[in-house]
Amino acid sequence: MSAPEAQKGAVFGVAVPAFMGAIWLVGGLAALGRAQSLPIAAILIVSLVLFGFGLRATRLRTARPPRTPRDSRIFGAAVAFETIGAVGAVGLGNALGRADVIPPLVAIAVGLHFIPLARVFHRPGLYRTALVMVAGGTVALIGWTGDMREAVAALVAGAALWMGSMEIAWPALVRALA
């Protein structure tokens, strides 16, 4: 993989968790009935800051080792698992008439898909993201009901994704503040 391709992949690795984290966090606020303009604006600003420092950080990093065909297959399988898990969660929640189980189940599926990606992308921090998302989804599923279940799952998932984005953005943020 060339340096520009690696940089593009790293940018994608910052953008997706930063903005998906924002979506989860806004969903969590909505479940709590607190989706007003100020918190949503703050979430979007933090996401943009993470993305901006993540872009800067990717310029400071060297390219990671080339991805092998095996890594490509693992990546495809992880994304397929995430998609099937999320669609399955929606189907199960709807079949049970329990929409409140959908966010925790989706959080668990999304978290699990990060486990193989940590190795593929040489980012051990993704194991932490996976752990927090799976634990948050599980705790929400068994510890709460209704809107609170949805809120806990969404807020923990959003925080975990921001944490994953911060792993890449942190070096540039530190340099900017130094």
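Only the coordinates and a few stated rules stand behind these numbers; no lab work does. Nothing here was measured: the structure is a model prediction, and the numbers come from that model. We place every Cβ from the backbone using ideal geometry, glycine too, and count neighbours over all the protein chains shown.
Some notes on this structure:
- Restricting the calculation to alpha carbons of the chain gives Rg and Dmax of 16.8, 54 angstrom.
- Note on Glu150, Glu167: ascending count of other Cβ atoms within 10 Å places them as Glu167, Glu150, the fewest first.
- Label point distance in nm, Asp147-Arg73, each placed 7 Å from Cα along Cα→Cβ: 4.9 nm
- Cβ crowding within 10 Å, taken as a proxy for footprinting-reagent exposure, orders Arg123, Arg128, Arg70 from fewest neighbours to most as Arg70, Arg128, Arg123.
- Sorted by Cβ neighbour density within 10 Å, fewest at the top, the residues Thr83, Thr138: Thr83, Thr138
- In percent, rounded to a whole number, the relative contact order of segment 3-177 is 35, using alpha-carbon pairs under 8 Å and six or more apart.
- Mean residue ellipticity (222 nm) of the chain, computed from DSSP H runs ≥ 4 via -39,500 (n - 2.57), nearest 500: -30000 deg cm²/dmol
- Rounded to the nearest 20, the size of the Cβ-charge dipole of the chain about its Cα centre is 660 debye, with Lys and Arg at +1 and Asp and Glu at -1.
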